[in-house]
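What follows is a short report on a single structure.
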2 protein chains.
Amino acid sequence: MIVIGIDPGLSTTGFGVVEADGTRIRPLEFGGIRTSPGAVLSARLGKIYKEAEKLFARYRPQAVAIEQIFFSSNVKSAMRVSEAKGVIMLAAHRAGAEVFEYTPLEVKMAMVGGGKAGKEQVRFMVRSLLSLEEGIDSTHASDALALALCHLHVHVLRERLKAATEGKD
Amino acid sequence: MIVIGIDPGLSTTGFGVVEADGTRIRPLEFGGIRTSPGAVLSARLGKIYKEAEKLFARYRPQAVAIEQIFFSSNVKSAMRVSEAKGVIMLAAHRAGAEVFEYTPLEVKMAMVGGGKAGKEQVRFMVRSLLSLEEGIDSTHASDALALALCHLHVHVLRERLKAATEGKD
């Protein structure tokens with residue numbers, strides 16, 4: 001199963017591709033989609049869509065896990081993030097992937113078991129779980145990998161619960 | 001010159017197509033793109049994109065005027081609106097149209113000359129300017145037409161200003 005995590009943003013959208021095979025999880029690719037602040041807004045959205053489309057075509061993920069924000073101190077920037085998020089969800093839909101949204105709190109809970117964990121702890125867990133010896137340059141890519149791992153965690157739990165209630169566990 | 005105004009929304013996106021020919025302005029089409037609340041989010045965005053794409057292909061507008069919101073009492077719903085707005089701006093970009101954003105205040109100023117005007121006054125002006133004898137059923141469509149008219153107003157003023165500063169007026 002291939003899951004792509006997405007940390008959406010107008011300037012930088014982080015992405016992280018992970019493959020789960022039984023209990024083994026390995027990173028396939030991670031990085032960022034960048035747009036120029038000098039370009040017009042609709043062209044920036046056009047670039048994000050095109051790059052997301054290529055990424056989804058390359059890996060054909062079953063699931064795309066994307067960050068959901070419900071409140072923000074900066075509403076204007078949150079809306080720009082949401083515009084970018086809209087075009088990425090569109091690309092995922094058109095690529096046949098199911099889209100799942102997770103809040104930063106859900107990611108923290110899944111990764112370190114506590115909502116009070118710092119961002120550094122989450123990043124440390126991402127590196128450990130994926131056996132990445134070196135740090136990940138981009139915090140956006142790291143956050144995207146955390147979203148993908150969060151989805152796998154929640155997904156595995158759900159499947160087990162389903163099996164248990166069906167009396168097959 | 002053809003301008004399409006868009007009042008974005010996840011459940012209903014209002015649109016209004018107007019054609020300006022010298023001082024004559026006429027409405028070509030207006031209505032709404034609706035999605036089912038029961039459908040998954042990414043599929044709803046998929047529908048909005050597809051319908052917007054068809055609309056822009058049908059009229060090939062030079063400009064798309066879309067509502068810009070900077071604050072909201074309901075941040076969650078504002079973010080859903082922004083996601084829908086993102087895919088519409090993407091469709092406009094891919095159709096070769098320039099995208100312009102106007103706040104509700106700018107629309108009011110352009111339509112009735114005062115920011116304190118009520119929504120009813122704006123709607124009355126839309127009907128008057130477009131010589132629509134009957135009311136417009138959908139407030140979304142009416143707001144979209146107001147956005148298109150706001151753009152024409154601002155555009156004409158800008159062109160005149162440009163001509164004046166170039167000493168051609």
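The values are calculated or read from the model by the stated rules, or taken from the named source; none is laboratory data. Remember, it's a predicted structure, so these values are computed and weren't measured experimentally. Reconstructed Cβ throughout: ideal geometry from the backbone, glycine too, with neighbour counts over all protein chains shown.
When only residues in the range B:43-74 that are polar (S, T, N, Q) and more than 8 Å from chain A (Cβ to nearest Cβ) count, which is surrounded by the fewest Cβ atoms within 10 Å (Cβ to Cβ)? Across the range B:43-74, the extreme among qualifying residues is B:SER73. Of all residues in the range B:75-127, those satisfying the criterion of being polar (S, T, N, Q) and more than 10 Å from chain A (Cβ to nearest Cβ) are B:SER77, B:THR103, B:GLN121. The residues of the range B:91-104 that are more than 15 Å from the chain's Cα centre (by Cα) and either of a type in the set (A, V, I, L, M) or modelled with pLDDT under 95 (or both) amount to a single one, B:ALA95. Note on the range B:65-120: among residues that are touching a residue at least 40 places away in the same chain (Cβ under 8 Å) and assigned to a strand (DSSP E or B), the one that is farthest from B:THR139 (Cα to Cα) is B:PHE100. Within the range B:13-42, the set of residues being within 14 Å of chain A (Cβ to nearest Cβ) and surrounded by fewer than 16 Cβ atoms within 10 Å (Cβ to Cβ) comprises B:ALA39, B:VAL40. Applying the set (1) within 12 Å of A:GLY16 (Cβ to Cβ); (2) out of contact with any Phe, Trp or Tyr (no Cβ under 8 Å at 6 or more places or on another chain); (3) surrounded by 19 or more Cβ atoms within 10 Å (Cβ to Cβ) to A:ALA144 leaves exactly one unmet item: (2). Total residues in the range A:66-84 satisfying the condition of being within 13 Å of B:LYS76 (Cβ to Cβ) and at pLDDT 95 or above: the figure is 1.
Do we find that A:GLY9 is in a loop (DSSP other than H, G, I, E, B), within 14 Å of chain B (Cβ to nearest Cβ) and of a type outside the set (Lys, Arg) in this structure? Considered against the rule, which asks whether it is in a loop (DSSP other than H, G, I, E, B), within 14 Å of chain B (Cβ to nearest Cβ) and of a type outside the set (Lys, Arg), A:GLY9 comes out as yes.
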